[in-house]
Amino acid sequence: MRLHDKSVFPNDLNLNGLTGLSGELDELLRRKDEHMGPMTIFALRTRYIIGRMAEYSKDEISRIEDKWRSAWAKNKVYQTELDISKPKYYVLDMFPYPSGAGLHVGHPLGYIASDIVARFKRIKGFNVLHPMGFDAFGLPAEQYAIEHGIHPATSTQQNIQNFKRQLGKIGFCYDWSREVQTCDPSYYRWTQWIFLQIFESWYNRKEAKAERISSLIACFETEGNISHPFPNLKFRTPSGSDSFTATQWKTYDEKTRREILMNYRLAYLAHTDVNWCEALGTVLANDEVINGVSYRGGFPVVKRQMRQWSLRITEYAERLLSGLDQIDFSESMKDIQRNWIGKSTGCLVTFKIKGLTPGPSPEERGRETANKKYWSILKAYSKDLRKNQTKAESILWEELRNSKLGHKIRRQHVIGIFIADFTCLDKRLVIEVDGDIHLQTEEYDNARTEFLHDEGFAVIRFTNDEVSSDLNNVLSKVKKTLDELPSIKRSSSLSEPAPMTIGGEGRGEVLTVFTTRPDTIYGVDFMVLAPEHPLVAEITTESYRKEIDAYLKYVESRSEIERMAEVKRVTGCFTGAFAINPISKKETPIWISEYVLAGYGTGAIMGVPCGDERDHKFAKHFKLPITNIIGTFYSGEEANPSYEATLENSGAFNGMLMRDAVPAIIAELEKLGVGKRQINYKMRDAGWSRQRYWGEPFPVIFRDDVPYAMEEKDLPLTLPDSDNFKPSGNGEGPLANLTDWIDFASGEKRDSNTMPTHAGAAWYFLRYMDPHNQKEFAGRKSLDYWNQVDVYIGGSEHAVAHLLYSRMWVKILHDLGYLNFDEPFKKLINQGKITGDSRFVYRVRGANKFVSAGLIDQYETDPLHVDISLVEGLELDTDGFQRSRPDYASAKFILENGKYICGSAIEKMSKSKYNVVNPDDIIDKYGADTLRMYEMFLGPLEQSKPWSTNGIDGVYKFLRRFWNLFHDSTGKFGVGNDAPTKEELRALHKTLKKIESDIENYSFNTSVSEFMICVNELSSLKCNKRSILEPLVIALSPFAPHIAEELWSLLGHPNTILNATYPAFDEQYLKVNSHAYPISINGKVRATMEFALDMPKEDIEKLVLASEILKKWSEGKPPKKVIIVQGKIVNVVL
RNA sequence: GCGGAUGUGGCGUAAUGGCAGCCGCGCCAGACUUAGGAUCUGGUGCCGAAAGGCGUGGGGGUUCGAGUCCCUUCAUCCGCACCA
């Protein structure tokens, strides 16, 4: 029956008997009774009863929605099978982290959009994969466990159940039989397996793809590492070289080989600078640190060295970058990724340092490696030692000095924190004599040797006896070792440039910088090193040492946060040294400054003040001369980074456009052997270890401190049960406490770290394709069929980490032959964030009194968040507010116009701000279909917007009107079988066309609007014809599946509407034969005239010119020009 | 500072270079014999009594015609932030 039809009201109804039937009715009566007489109450009850009896009422909605939800579940209508006879379509949501707070109305926004796409694609004939799962490992569950003593597994499962309950109510068409949970051993077994594939792979730069580590070993065995040098230039073989031959490889023991391989593996263990957060007791990834504090909790973060797993994602930088051209992500999303990868093309340039002769002095060499703090102490001590040598040392020193070894030997040389007895720097060899005055234990010697190895030195050791009794043997041994070791190149001429790395050999006489602007080489007025640059100690002259030390101290004292906060501050210090420009030969001073970062490029720059803003500020601040090489492009006040200037003061390059000078100068630098082309990336390798309990354990076993992959048959390595989740705080995670699990009787050990949540999320979309496979992460047939995700919907906050790691993992699996695609997501849509609309009350300081927002100027107040359910618009329900908290029960209110008006602010939706809107409440009130359509109606999907329930009535009314099209005035279902009219067909087909194109364009708000227009039109046409309404139900079904399914069933279809076919729209119904032309005069519309669409322009022109309206405006003058666009507009220019 | 996005009624928003404001909220008026957080009908950009004029953040340009294209400027939001 119609909701507004009063005739059905039963006259003999006993109203009293109804009291208490519904709490809501009571509530209505209580709120109203002071203003209402008995008739009002009577009317209210009437309305309530009519509402209950109407077909599409609140109760009826929940009956319909519940009925279909259980029917869908029972009949497994969402279960998807691999069916190669059908084209596939893969619609994916970013799976949620199941937080304890449950869903708020912002979460479903993207899910609703993807659900519409999935349902639409299905009725368009696709085999649609639309799965859902949970990103269930992670820090919050662990922190909750620490605070509340509930095991993460327990709380996570509870949260998942709650999420599933909430998601279930919205009517999504997820195939829950494919659900994955990253914390499930049957899932993370394969996360671990993929990790091992990555561990057992290396990146072949020649082929630009990952390969099995076995291919690398085969290569080493035949030619050493000549073709594939260490990816990280800092690494050295035990003998201190950056290369080795096949013969050498064969002499290495197992451990050494593994150490060398570790430097190639795509998942590798290394001492890396990590972001250590003391408060969380864990390490954070770069993207988890924001402005020097943790993204969660805002705790301070410091740099710390730890032995960590990393993924060598930098090897994929180029492919991650170029892959962006193949995929349909928004430009801003691509830009964020490009920015993160941070590719810059430029070149390395080597400057000689004035006054430093090739081959540094022992002091300089020692200082280079010594910890600054110990340097002076060690130096003094080494002098001491030289005077008090043991007898054996003296004998050996005399011989080494006099024998013609061909290499310079130094004695009592400081290396790091040790003083080596004898050192050959050319060969990186240390010769030690165990003397009686050293009194060191064997352990001490071992530690020493290990340290020296790390520094790239080979060590040979002799006893006192050997030296005194068999000196010749000792000398020949030394000679033999020296011959075997490769010489480290020392450059002393331009034709033989030094290896251009920070950590490499050859430092001391040259300084290498990275620049993207080689064209400005003549404009270099100074050089700047990062304070941490290893050359700093070496080049600083005596007269500047004090100042430099003071500056270094200052830099050390500054925390990361301070440096971030004062980015624009200019600080620095002159070292006293000068560099010689390799092209202009000009001498420029070398400074140090914190604005140069040690971690990027070479940690050193050439300062070009006329072309770089930072250099310019630096030059101005320290009153350094500025060479202008760009003429009028440089104002003297501001640097100009243009490429368009013509070079001046640039020697042979004068008159050249800078743009052209870039390649020309690089060529010149390369010719002179002082530069080479170089590409740098900002992106760093991804730290992959977390000192946490609630994550995937690393499937490796350490033997002699070397990690070995576990065998596939032993996976999963399950997370051991524990009730101690507190990090030890010293860098080891909670797993370190479980010694039974960590330690083996054999002395072998497990890794105490776990993987980050990114691990499980990096490949879950592949597991959905074949979620129950026990033998593989997913079967090849499924992977080939379902292939790439056709559309991926989720928040833009995952732009960097998740999307880059997923893309990397897919590329690796592709390279290793498991996938036939190397980008996971064809198209990405970022739904906008739905923010909360908070309300505030203003408490008068020192009193239990609240002031309305308009009057706060007159008091000293503190704003307090108030629960939005207690506020209607901006007006506070003061009674409800008093009831909500006992301490406010006696609160006084200072009202304006008899009302308490709240303040408001748009903020993130969160429990603590009392502004969370739970979709459950909306569904209880209006039903899931209304929620779905209203969320889509709010605005464009990708736009962020504050949540407001204002306007939801419009959508609710629309559904009711839609429902009423199928029902007569008595509420009885019934559709007519008459032939449709032209107007009705037109209304239908216009809508079918628009909905289809809107969904393809992800423009769901305009779809909802179009449905409303259509229903408005059909209502005024009083259309109840099956031939019109049936197709319309199908078109609406992706948006409002429950009501659509009910009507579909009422229309007599036994099968679910999910298996219907989207009706084809027919262009012929949209055709019209005349058009109301707007007649504009001088661009302003003055009238409309109806002409047949096929009327020739000439006829239109005649009719228009003859019309009254033109006579009125032209005042008899002939028109200058008449523009007629057929089917559009007529414009007359006077 | 760099990069990206967005600026349209009281509000959310809509407009293949062709009648700016579709659709909805809100508001106003009316109908349903009283009542009304229901329903239905009509109205609703601004100024103006009207004729008409003015209107898409501001300024310029291209065009017969610009919310839409170009230049410039301002504001807001997001991302990155001393990356040489």
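Odds and ends about this structure:
- Taken over segment A:299-327, residues that are surrounded by 13 or more Cβ atoms within 10 Å (Cβ to Cβ) and at pLDDT 90 or above amount to 16.
- Residue among A:654, A:649, A:680 that is open to solvent by 60 Å² or more (accessible area, probe 1.4 Å) and either among the β-branched types (Val, Ile, Thr) or touching a residue at least 24 places away in the same chain (Cβ under 8 Å) (or both): A:649
- All positions within segment A:626-635 that are open to solvent by 20 Å² or more (accessible area, probe 1.4 Å) and free of Cβ contacts under 8 Å to residues at least 24 places away in the same chain: A:632, A:633, A:635
- Selection status of residue A:745, part of a loop (DSSP other than H, G, I, E, B), farther than 25 Å from residue A:803 by Cβ and not β-branched (Val, Ile, Thr): yes
- Qualifying residue in segment A:953-969 (condition: touching a residue at least 40 places away in the same chain (Cβ under 8 Å), part of a loop (DSSP other than H, G, I, E, B), out of contact with any Gly (no Cβ under 6 Å at 6 or more places or on another chain) and under 26 Å from residue A:1061 (Cα atoms)): yes
- Filter result for the condition that a residue is of a type in the set (A, V, I, L, M), more than 16 Å from RNA strand B (Cβ to nearest atom), crowded, with 19+ Cβ neighbours inside 10 Å and under 24 Å from the mean Cα position of the chain (by Cα), over A:279, A:267: A:267
- Top-ranked residue in segment A:582-593 [being within 13 Å of RNA strand B (Cβ to nearest atom) and not in a loop (DSSP other than H, G, I, E, B); ranked as least open to solvent (accessible area, probe 1.4 Å)]: A:592
- Any chance residue A:1001 is open to solvent by 60 Å² or more (accessible area, probe 1.4 Å) and over 30 Å from residue A:328 (Cβ atoms): no
- Selection from segment A:700-740 of residues that are part of a helix (DSSP H, G or I) and touching a helix residue (DSSP H, G or I) at 6+ places or on another chain (Cβ under 7 Å): A:712, A:735, A:736
- Residue satisfying all of: in segment A:944-978; polar (S, T, N, Q) and within 11 Å of RNA strand B (Cβ to nearest atom); most open to solvent (accessible area, probe 1.4 Å) among these: A:950
- Inclusion of residue A:1007 among residues that are open to solvent by less than 30 Å² (accessible area, probe 1.4 Å) and closer than 14 Å to residue A:958 by Cβ is warranted.
- Screening segment A:594-620 for residues that are among the small types (Gly, Ala, Ser) and more than 8 Å from RNA strand B (Cβ to nearest atom) and picking the one that is surrounded by the most Cβ atoms within 10 Å (Cβ to Cβ) gives A:607.
- The residues on offer are A:838, A:852, A:806, and the sole one that is more than 16 Å from RNA strand B (Cβ to nearest atom), more than 30 Å from residue A:762 (Cα to Cα) and buried (at least 16 other Cβ atoms within 10 Å of the Cβ) is A:852.
- Residue match in segment A:82-89 (condition: out of contact with any strand residue (DSSP E or B) (no Cβ under 7 Å at 6 or more places or on another chain) and basic (Lys, Arg)): no
- Condition met for residue A:939 (near RNA strand B (Cβ under 9 Å from one of its atoms) and outside any loop (DSSP other than H, G, I, E, B)): no
- Only a single criterion out of (1) more than 20 Å from residue A:911 (Cα to Cα); (2) surrounded by fewer than 16 Cβ atoms within 10 Å (Cβ to Cβ) is not satisfied by residue A:874, namely (1).
- Scope segment A:679-707; condition under 18 Å from residue A:722 (Cα atoms) and of a type in the set (Gly, Ala, Ser); matching residues: A:695
Yes/no per residue for (1) over 28 Å from the mean Cα position of the chain (by Cα); (2) within 30 Å of residue A:934 (Cα to Cα); (3) open to solvent by less than 50 Å² (accessible area, probe 1.4 Å); (4) not aromatic (Phe, Trp, Tyr):
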residue: A:166; (1), (2), (3), (4): no, yes, yes, yes
residue: A:197; (1), (2), (3), (4): no, no, yes, yes
residue: A:216; (1), (2), (3), (4): yes, no, yes, yes
residue: A:220; (1), (2), (3), (4): yes, no, yes, no
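- Just one of the listed residues (A:160, A:198, A:170, A:217) is more than 28 Å from residue A:94 (Cα to Cα) and among the aliphatic types (A, V, I, L, M), and it is A:217.
- Any pair with Cβ under 8 angstrom, 6 or more apart, that starts in segment A:994-1008 at a residue that is touching a residue at least 12 places away in the same chain (Cβ under 8 Å) and outside any helix (DSSP H, G or I) and ends at one that is away from RNA strand B (no atom under 11 Å from the Cβ) and open to solvent by less than 10 Å² (accessible area, probe 1.4 Å): A:1002/A:113; A:1002/A:117; A:1002/A:829
- Within the set A:652, A:619, the sole residue that is closer than 19 Å to residue A:579 by Cα and outside any loop (DSSP other than H, G, I, E, B) turns out to be A:619.
- The lone exception for residue A:295 - which of (1) open to solvent by less than 10 Å² (accessible area, probe 1.4 Å); (2) among the aromatic types (Phe, Trp, Tyr); (3) free of Cβ contacts under 8 Å to residues at least 12 places away in the same chain it fails: (1)
- All conditions in (1) surrounded by fewer than 21 Cβ atoms within 10 Å (Cβ to Cβ); (2) of a type outside the set (Asp, Glu); (3) near RNA strand B (Cβ under 10 Å from one of its atoms) hold for residue A:623, with the sole exception of (3).
- The residue that is farthest from residue A:825 (Cα to Cα), among those in segment A:323-338 that are more than 15 Å from RNA strand B (Cβ to nearest atom) and part of a helix (DSSP H, G or I), is A:325.
- Filtering segment A:38-82 to residues that are in a helix (DSSP H, G or I), among the aromatic types (Phe, Trp, Tyr) and modelled with pLDDT of 90 or more leaves A:68, A:72.
- Looking only at residues of segment A:1111-1127 that are within 25 Å of residue A:1072 (Cβ to Cβ) and at pLDDT below 85, we find that the one that is nearest to the chain's Cα centre (by Cα) is A:1127.
- Matching residues in segment A:1016-1029 - criterion: being more than 8 Å from RNA strand B (Cβ to nearest atom) and in contact (Cβ under 8 Å) with a residue 40 or more places away in the chain: A:1018, A:1021, A:1023, A:1024, A:1025, A:1026, A:1027, A:1028, A:1029
- Residue within segment A:758-773 that is of a type in the set (S, T, N, Q) and free of Cβ contacts under 8 Å to residues at least 40 places away in the same chain present: yes
The values are calculated or read from the model by the stated rules, or taken from the named source; none is laboratory data. This structure is a prediction, so every number in the text was calculated from the model and none was measured. Neighbour counts are summed over all protein chains in view; Cβ atoms, including those assigned to glycine, are modelled from backbone coordinates with ideal geometry. Quick note on the areas: whole protein, heavy atoms, side chains included, nothing else; ligands and nucleic acids left out. Shrake-Rupley method; radii C 1.70, N 1.55, O 1.52, S 1.80 Å.
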